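> There's a structure below that I have some questions on.
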Amino acid sequence: QPYREIFEFFIDNFKTYKPLLSAIKNEYEVTLAHQKKTIRTLEPLKAMVTTVSEECTRQILALQEKEKDEINMLKQEKQHLLKFIDNMKEEKNSLQTQVEHLQTSVAEEYARYLNEYGARKLLLAKLNDMHNERLDMTCHQVQGVKGEDVVKLTLALKIARQDLTKTQVKLNTMIADYGDNVSRRDFESLEKKYSDLLQEMKTLQKDFDQLHKEYETLLEIHRETAEERDNFCAELQRVQHNCTPRPNWAKCSEVIAGGADRWGCLAEGKTSDQLVDVLVEEIGTGVLKEINGFPGRGKGDKVPAYLRHEGEVKNKKLTKRDVVNILKDVWKEKIALEQQVWKRSSLPEFFLNYLQKKYGDAAAMEWSYTLYENMRLCRSNHVLSSFYDILTGKVGEEQYHGQNQLISNLQEELAACDSSNSGSLTSKHTAVREAFPLKRKESIQELVDASRYKLDSTEDLIDYISLFKEDEEGNAGPFVAKLRNQYVREKQEYLRQLKNKLGALTEVNADDLKTAFCAIDPDIDDQTLDTYLGLAYQVQREQPDQEVVPVETALERLLAGDVRRVGPSPREGRT
């Protein structure tokens with residue numbers, strides 16, 4: 001009801017456009033009535049929607065259960081491999097223990113046999129001595145005359161026995177010294193078995209590490225997939241919530257100056273929100289032509305320097321073409337000055353100095369107010385809207401220069417690929433892909449389709465020079481407009497990945513932000529990283545390390561600047 005009453009005030013005050021506004025109001029009233037009727041007829045479908053929602057929930061749970069079973073299976077296989085490795089280690093230790101035990105047993109048996117051998121030798125020696133003594137006694141009794149021969153034999157026997165004792169001692173020493181040695185055949189057999197077990201353990205460990213790495217990769221892919229699914233669901237709900245019936249915009253051609261032809265040119269390729277901006281722009285510019293002056297905004301500190309004025313300011317009643325030419329000249333003068341002094345100046349300050357220098361201090365405010373009001377109303381014109389956003393601080397000036405540099409690089413790439421200097425290339429040429437190696441195939445195809453908007457389906461040559469031409473009001477063609485839209489969309493996607501990487505953090509310091517940038521963009525260089533950190537913290541990169549800012553504030557500051565991806569994302573590189 002408040003919107004209805006406010007709209008009625010608009011109808012009463014804008015006499016010139018009262019029929020158009022009344023038609024719009026009636027159309028919305030009819031549409032609202034139709035929607036209420038539709039809602040009443042769709043009530044029976046609520047149960048069916050609930051059933052479908054439950055079915056989707058069951059399917060999601062089934063997918064989660066399936067993935068859970070796969071994860072459990074991998075964990076079980078991991079445990080099995082760990083147990084197998086432990087068993088191999090235990091078997092190795094057991095074999096080592098057996099070898100040591102066998103070595104001890106052999107040494108003990110050898111010592112026992114050696115002792116028995118020595119005792120047997122001593123016993124035989126004693127028996128021989130006793131036998132010899134008996135023989136001596138017999139010889140003395142039978143042959144008492146032959147005493148000298150017996151003495152010699154006894155002496156020789158004694159010497160022989162001494163030699164035998166020395167030999168036995170030497171033999172026992174050698175056996176004691178080499179009794180603990182293992183035969184070479186047993187040693188080589190055990191060493192070969194140990195090497196085989198060690199190689200098998202290394203192979204199993206390598207297989208286990210590979211499985212663990214693949215498991216971690218699968219977990220990361222699953223997390224990213226679930227995150228994308230949640231984002232798509234949220235986006236779907238938001239779009240479903242914001243969907244409204246499309247009005248019959250053809251009715252506007254009856255009241256817009258220039259008729260259906262001009263309205264067709266204005267409305268080509270635009271959404272409902274953009275068409276509303278176009279309609280407001282047409283109404284606003286019509287009102288601007290009728291008023292003679294603007295009320296001054298005062299000289300307070302909150303008022304920009306280029307709008308500080310007391311009293312009424314004269315309206316110069318400029319056309320859109322005049323405004324575009326002036327703003328282009330401002331950019332030209334500012335860029336030339338910065339190239340001379342090698343220092344970037346503030347656009348609001350330079351804007352006021354430019355007007356004062358060109359039109360004088362007295363008339364500068366008249367031009368400033370007139371240009372400002374035209375920029376504020378003409379949101380569909382890129383030259384006016386971009387200048388207004390930078391002038392009011394909504395976006396950074398580096399974003400404007402970044403887009404222009406992007407377009408300039410593409411022009412140079414296309415000209416370099418045109419070896420014949422004919423000004424034309426085929427639609428299948430790879431120049432766009434070479435100029436934008438980080439763009440996805442869908443984005444490249446969008447640019448190719450935009451470049452063919454004036455061609456028949458049978459034509460293949462594209463006049464790439466005409467793609468960058470502007471009309472008298474500074475409006476670029478669909479190709480450049482698509483390129484700028486992709487620039488904004490890719491920056492939003494880049495910052496969305498950065499926000500997801502920061503997770504649940506509400507505040508972020510420089511180190512955490514640097515880590516997040518390196519994670520989503522591994523190829524980013526230090527200079528670019530310092531530039532992005534300077535944008536996020538609004539300081540020079542001397543001492544921002546201890547500063548902490550809210551995550552949303554940092555993302556808004558980055559969104560206003562020239563932020564874009566340096567290298568391919570980790571997921572695209574892995575794919």
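The values are calculated or read from the model by the stated rules, or taken from the named source; none is laboratory data. The model shown is predicted, which means the values in this text are computed figures rather than measured ones. Glycine also receives a Cβ, built like all others from the backbone with ideal geometry; neighbour counts cover every protein chain displayed. Accessible surface is based on the protein model in full, side chains and every heavy atom, while ligands, DNA and RNA are left aside. Shrake-Rupley method; radii C 1.70, N 1.55, O 1.52, S 1.80 Å.
> Which sequence of LEU61, LEU377, LEU483 reflects their accessible areas, 1.4 Å probe, from the largest down?
Details: LEU61 100, LEU377 30, LEU483 5 Å².
In descending accessible area the options line up as LEU61, LEU377, LEU483.
> Same structure, new question: For GLU29 paired with ALA111, estimate the spin-label separation in nm (one decimal), with each label point 7 Å from Cα along the Cα-to-Cβ line.
About 11.9 nm separates the two model spin labels.
> Viscosity 0.890 mPa s, temperature 25 °C: give me the Stokes-Einstein translational D for the stretch 403-560 in µm²/s, with Rh taken as the Kirkwood radius over C-alpha pairs.
Working: Rh = 18.1 Å.
The estimated diffusion coefficient comes to 136 µm²/s.
> Also, quick follow-up: To the nearest 20 debye, what is the magnitude of the charge dipole of the chain about its Cα centre, counting +1 on the Cβ of each Lys and Arg and -1 on the Cβ of each Asp and Glu? It would help to have the intermediate numbers written out before the result.
Working: 83 positive and 97 negative charges, 54 e Å.
Charge dipole of the chain: 260 debye, to the nearest 20.
> Also, quick follow-up: Evaluate 2.2 N^0.38 Å with N set to the residue count of the stretch 291-394, then give the Cα radius of gyration divided by it. Please report the intermediate quantities before stating the final value.
Values: Rg = 13.4 Å, N = 104, 2.2 N^0.38 = 12.8 Å.
Normalised Cα radius of gyration, the stretch 291-394: 1.04.
> Please give the solvent-accessible surface of THR203 in Å², to the nearest 10, using a probe radius of 1.4 Å with every protein chain present.
Rounded to the nearest 10, that gives 70 Å².
> Just to be sure I understand the rule: take each whole DSSP H helix in the chain, project its Cα atoms onto its long axis, keep it if the span is 18 Å or more and its mean Kyte-Doolittle hydropathy is at least -1.0. Which ones pass? Numbers along the way, then the final one.
Values: long enough: 18-42 (35 Å, -0.44); 45-142 (144 Å, -0.75); 147-177 (46 Å, 0.00); 184-242 (87 Å, -1.35); 272-290 (27 Å, 0.29); 320-341 (32 Å, -0.47); 347-377 (26 Å, -0.41); 397-417 (31 Å, -0.89); 478-502 (36 Å, -1.18).
TM-like helix candidates: 18-42, 45-142, 147-177, 272-290, 320-341, 347-377, 397-417.
> Accessible surface of ILE71 in the full protein assembly, 1.4 angstrom probe, to the nearest 10 Å²?
Accessible area of ILE71: about 50 Å².
> Okay, moving on. Report the percentage of all Cα-Cα pairs in the stretch 278-340 whose separation exceeds 13 Å, rounded to a whole percent.
On the way: 1445 of 1953 pairs.
Cα-Cα pairs of the stretch 278-340 separated by over 13 Å account for 74 percent.
> Which value in deg cm²/dmol, rounded to the nearest 500, describes the helix-derived mean residue ellipticity at 222 nm for the chain, given -39,500 (n - 2.57) per DSSP H run of n ≥ 4 and division by the residue count? Before the final figure, lay out each step's value.
On the way: 18 runs with 416 residues, N = 575.
Roughly -25500 deg cm²/dmol at 222 nm, from the helical runs in the chain.
> For the chain, which whole-number percentage of the solvent-accessible area (1.4 Å probe, protein heavy atoms only) is attributable to carbon and sulfur atoms?
Values: 21330 of 38970 Å².
That fraction is 55 percent.
> Picking from VAL30, ILE71, MET48, whose Cα lies most toward the positive end of the charge dipole for the stretch 30-130 (charges on Cβ: Lys, Arg +1; Asp, Glu -1)?
Most positive-ward Cα: VAL30.
> Mind checking which aspartates and glutamates have their C-alpha under 19 Å from LYS170, skipping anything on the same chain fewer than 8 residues away?
Within the straight-line limit of under 19 Å, LYS170 reaches these aspartates and glutamates: GLU116, ASP180.
> Sticking with this structure for a sec: Positive end of the charge dipole of the stretch 160-204 (Lys, Arg +1 and Asp, Glu -1 on Cβ, about the Cα centre): tell me which of THR173, PHE187, GLN199 has its Cα farthest that way.
Of the candidates, THR173 comes out farthest on the positive side.
> Still on this structure, please answer the following. Between ASP207 and VAL49, with labels modelled 7 Å along Cα→Cβ, what's the label distance in nm to one decimal, could you check?
Taking the two extended label points, one gets 5.4 nm.
> Under the 0.36 nm per residue contour assumption, what length would be gained going from the current alpha-carbon distance of ASN509 and ALA156 to full extension?
Working: separation 353, 0.36 × 353 = 127.08 nm, distance 10.52 nm.
Using 0.36 nm per residue and subtracting the Cα-Cα distance, I get 116.6 nm.
> Now a separate question. Calculate, axis by axis, the spread of Cα positions in the stretch 1-126 along the three principal axes, and write the results as whole Å, longest axis first.
150, 36, 18
> Would you mind computing, in nm to one decimal, how far apart the modelled labels at ALA363 and GLN445 are, each placed 7 Å from Cα along Cα→Cβ?
5.5
> What ranking of ASP261, ASP511 comes out by heavy-atom accessible area, probe 1.4 Å, highest first?
On the way: ASP261 125, ASP511 85 Å².
Reading off the accessible areas and sorting them downward yields ASP261, ASP511.
> With the cut-off at 19 Å, tell me which of the pairs LYS441/LYS501; LYS289/LYS469; LYS439/LYS491; LYS343/LYS394 have Cα atoms farther apart than that.
On the way: LYS441/LYS501 25 Å; LYS289/LYS469 28 Å; LYS439/LYS491 12 Å; LYS343/LYS394 22 Å.
Among LYS441/LYS501; LYS289/LYS469; LYS439/LYS491; LYS343/LYS394, the Cα-Cα distance tops 19 Å for LYS441/LYS501; LYS289/LYS469; LYS343/LYS394.
> Sorted by accessible area (1.4 Å probe), largest first, how do MET137, MET375 line up? Intermediate results must be reported in sequence, preceding the final value.
On the way: MET137 120, MET375 0 Å².
Reading off the accessible areas and sorting them downward yields MET137, MET375.
> What residues from the stretch 77-98 fall in the zone where the backbone N is under 15 Å from a label point 7 Å along the Cα-to-C-beta line of GLU200?
Answer for the stretch 77-98: 81-96.
> Also, I was wondering about something else. In debye, nearest 20, what is the charge dipole magnitude of the stretch 403-560 about its Cα centre with +1 on Lys and Arg Cβ and -1 on Asp and Glu Cβ, if you could check? Don't jump to the answer; show the numbers that get you there.
Working: 18 positive and 30 negative charges, 95 e Å.
So the magnitude is around 460 debye.
> Okay, next question. Which of the trypsin sites (Lys or Arg not before Pro) found in the stretch 1-109 are loop residues per DSSP with 11 or fewer other Cβ atoms within 10 Å of their Cβ? Can you show the working numbers first?
Numbers: sites: ARG4, LYS15, LYS25, LYS36, LYS37, ARG40, LYS46, ARG58, LYS66, LYS68, LYS75, LYS78, LYS83, LYS89, LYS92; in loops: LYS15.
Qualifying residues, ordered by number: LYS15.
> Among the lysines, which fall within straight-line cross-link reach of LYS46, defined as a Cα-Cα distance under 20 Å, with same-chain neighbours fewer than 8 residues apart omitted?
LYS36, LYS37
> Now for a separate question. Identify the residues of the stretch 58-101 with backbone N under 11 Å of a label point that sits 7 angstrom from the Cα of ASP186 along the Cα-to-Cβ direction, or state none.
Once the point is set 7 Å along Cα→Cβ of ASP186, 99-101 turn out to lie under 11 Å by backbone N, inside the stretch 58-101.
> Volume per residue, Å³, of the convex hull around the alpha-carbon atoms of the chain?
Values: hull volume 200.1 nm³, N = 575.
Residue-normalised Cα hull volume stands at 348 Å³.
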